[in-house]
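Structure record follows, encoded as structure tokens.
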Amino acid sequence: MVTPVSRPRAGPRAARVAVSEIPLAVRRVRMQPAPARQAAAADEDIAEPAVPSHFLCPISLEMMRDPVTGPTGITYDRGSVEAWLERGRATCPVTGRPLRAEELVPNHATRRVIQEWCVANRGLGVERVPTPRVPVSAADAAELLAAVSVAARRGDALTCRQLAAKVRALGKESERNRRCLAAAGAVRALSSAFSQLVDQPALTALTASAGALEEILAALVVFFPLDEESRFCIASPASLNAILSILNHGETAARVSAVIVLRELASSCDAHCLDAMSKTHGLYDALITLLQKPVSPQATKAALVTAYYLVANNTDGTAASRLVGLGMVRLLVELLVDADKGTTEKALAVLDSLLLTEAGRGEACGHALAVPVLVKKLQHVSDMATEFAVSALWRLCKNDVSGEERRCEAEALQVGAFQKLLLLLQVGCMGVTKDRASDLLRILNGSRGSVECIETVDFKGLKRPFR
């Protein structure tokens, strides 16, 4: 940085600062020739125009961008008055008379006057207020969703696709539209349409209806959560097979939507949904493929959450066994090496649940990076990551499948697990995590004398190659 040069107080301000600290507009003025700089200086002396008082919203006291008028005759900015009403205040802020959101009418005359004033003062730095889009009304939402249902019953995939795309676009346009469509039953209409399309004779997810099914899934994501009726439609065998087909063969965006819908179904902990998903042939393979060949961070996290709930809510251990058999433990360990915070938390949660099985512990014990990665994730990620990392390491060391060799204990000591666990207890942890960290220290303490520790946890000094 260039040191500012002091000047007499009476002189003009001309302190030199680093280029990165100069605002873009000021930088452009200083780089102009002398006449241009003089003109810019003259412009700076011109005061910013005062906004006429009748352009200001009585609630926010800022210039209105989407003026609406209620039956009381008072004009407000739409966003401000709707936020006022959503907080349970069913009266006009100025007059105190009853007011409902349905009674607000766009004030086009005031909006045009505001826009004309903005254009007239454009040279003074005033930006023109864009013409707002008309929000969806309850009647419009009901009519649009009814059209989706009619098209689905007829098996008209093309029309259904167009209408679902419109529903999605309107829902993403504004939070108000999303709430309006959701209140009109968007989730039920879309999930029912999806179920009806996949049940149509001679129609499968790989025919012309595929585009409609993909569009419906993309629209469903906008209006989560799913209610019980919607989950029942989406979790039918035919619907799950169609989702699985999209997950395996669809475009990237469609595959992301498909796995997010699966995550929503699984995370609901609905027994019917989880049972139907676990019986869907190829679902576990599809999740594994999505982790092997990721399409986006969002899809990876959704796949991990789906796998977690499938394993956590499966009492007989078949879900964990199937995932372990497909190589999930190896994938998780390698994913954890350089994963971000969110992915790390979810991957550790899945790994911890898989280590409840003997097969899972055997896979982890046989992987050169499993123990070092878990020790590395004990700190500096998040409290949730620490909880799952401690739990997973505890499961490995307490039930070491290597027998008398106690390889997991030895590796944990080599990469500094003992010191990290001591520090963790000193800093403070609670509940089950504290109990397991203490038990881990007791287990590791018995092997400390025969193991040489590695000062830095950088995966060096491993006796077995990375596989």
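Identify, among Pro225, Ala183, Ala312, the residue whose Cα sits farthest towards the positive end of the charge dipole of the stretch 138-370, taking +1 on the Cβ of Lys and Arg and -1 on the Cβ of Asp and Glu, with the dipole about the Cα centre.
Ala183
Roughly how big is the stretch 53-124's charge dipole about its Cα centre, with Cβ charges of +1 (Lys, Arg) and -1 (Asp, Glu), in debye to the nearest 20? Walk me through the intermediate numbers first.
Working: 9 positive and 8 negative charges, 14 e Å.
Here the size comes out at about 60 debye.
Give me the percent of Cα-Cα pairs in the stretch 329-379 that sit more than 11 Å apart, rounded to a whole number. Could the numbers behind the result be given before it?
Numbers: 836 of 1275 pairs.
The calculated P(r) of the stretch 329-379 puts 66 percent of pairs beyond 11 Å.
Give the Rg (one decimal place) followed by the Dmax (whole number) of the stretch 138-370, computed from C-alpha coordinates and expressed in Å.
18.4, 62
For the stretch 53-124, just the Cα atoms, rotate onto the principal axes and tell me the three extents in Å, largest first.
Taking the Cα atoms of the stretch 53-124, the three principal extents are 42, 19, 17 Å.
Taking the Cα centre of the stretch 138-254 as the origin, how large is its charge dipole in debye, to the nearest 20, when only Lys and Arg (+1) and Asp and Glu (-1) carry charge on their Cβ atoms? Mind dumping the intermediate values first?
Details: 11 positive and 12 negative charges, 28 e Å.
Charge dipole, the stretch 138-254, about its Cα centre: 140 debye, nearest 20.
When the Karplus curve 6.51 cos²θ - 1.76 cosθ + 1.60 is applied with θ = phi - 60°, which whole-Hz ³J(HN,Hα) does each residue of the stretch 184-196 get, with x for Gly and Pro?
7, x, 4, 4, 5, 5, 6, 5, 5, 4, 4, 4, 5
So how much slack lies between Gln298 and Asn399, counting 0.36 nm per residue of separation and subtracting their Cα-Cα distance, in nm? Walk me through the numbers on the way to the answer.
Numbers: separation 101, 0.36 × 101 = 36.36 nm, distance 3.38 nm.
The span from Gln298 to Asn399 would gain 33.0 nm if fully extended.
Express in % the proportion of alpha carbon pairs of the stretch 224-294 at distances exceeding 21 Å. Mind showing how you got there, number by number?
Values: 446 of 2485 pairs.
Of all Cα-Cα distances in the stretch 224-294, 18 percent exceed 21 Å.
Which value, in debye to the nearest 20, gives the size of the charge dipole of the stretch 216-318 about its Cα centre, when Lys and Arg are +1 and Asp and Glu are -1 at the Cβ? Intermediate values should be presented prior to the final figure.
Details: 6 positive and 9 negative charges, 78 e Å.
In debye, rounded to 20, the stretch 216-318 gives about 380.
In the full protein assembly as shown, how much of Leu393 is accessible to a 1.4 Å probe, in Å² to the nearest 10?
Ignoring ligands and nucleic acids, Leu393 comes out at about 0 Å².
List the pairs from Lys172/Lys279; Lys341/Lys376; Lys293/Lys398 whose alpha-carbon separation is above 23 Å, in the order I gave them.
On the way: Lys172/Lys279 34 Å; Lys341/Lys376 13 Å; Lys293/Lys398 33 Å.
With Cα atoms farther than 23 Å apart: Lys172/Lys279; Lys293/Lys398.
Roughly to the nearest percent, how much of the accessible area of the stretch 121-274 is carbon and sulfur, given a 1.4 Å probe?
On the way: 3730 of 7040 Å².
Carbon and sulfur together cover 53 percent of it.
Highest mean first, what order results for 101-108, 433-440, 237-244 on Cβ atoms within 10 Å? Display every interim value, and only then the final one.
Details: 101-108: 14.5, 433-440: 18.0, 237-244: 21.2.
Most protected by this proxy first, the peptides run 237-244, 433-440, 101-108.
Divide, for the stretch 302-445, the radius of gyration over alpha carbons by 2.2 N^0.38 Å, where N is the residue count. Write down the numbers at each step before the final one.
Values: Rg = 14.0 Å, N = 144, 2.2 N^0.38 = 14.5 Å.
The reported ratio for this selection is 0.96.
Pairs of alpha-carbon atoms within less than 8 angstrom and 6+ residues apart define the contacts here; what relative contact order does the stretch 138-370 have, in percent? Mind showing how you got there, number by number?
On the way: 306 pairs, mean separation 33.4, N = 233.
Here the relative contact order equals 14 percent.
Find which of Ser209, Val150, Ile114 sits farthest along the positive direction of the dipole of the stretch 114-251, computed with +1 on the beta-carbon of Lys and Arg, -1 on that of Asp and Glu, about the Cα centre.
Ile114
Run the numbers for Asp435 and Ser174: contour at 0.36 nm per residue of separation, minus the present Cα-Cα distance, in nm.
The span from Asp435 to Ser174 would gain 89.2 nm if fully extended.
Could you sort 260-269, 130-139 so that the peptide with the highest average Cβ count within 10 Å comes first and the rest follow in order? Mind showing how you got there, number by number?
Working: 260-269: 21.7, 130-139: 13.4.
Descending packing order for the listed peptides: 260-269, 130-139.
The values are calculated or read from the model by the stated rules, or taken from the named source; none is laboratory data. On a predicted model such as this, the values are computed, not experimentally measured, just so you know. In this analysis, Cβ positions are derived from the backbone assuming ideal geometry, glycine residues included, and neighbour counts consider all displayed protein chains. Heavy atoms of the whole protein, side chains included, go into the accessibility calculation; ligands, DNA and RNA do not. Shrake-Rupley method; radii C 1.70, N 1.55, O 1.52, S 1.80 Å.
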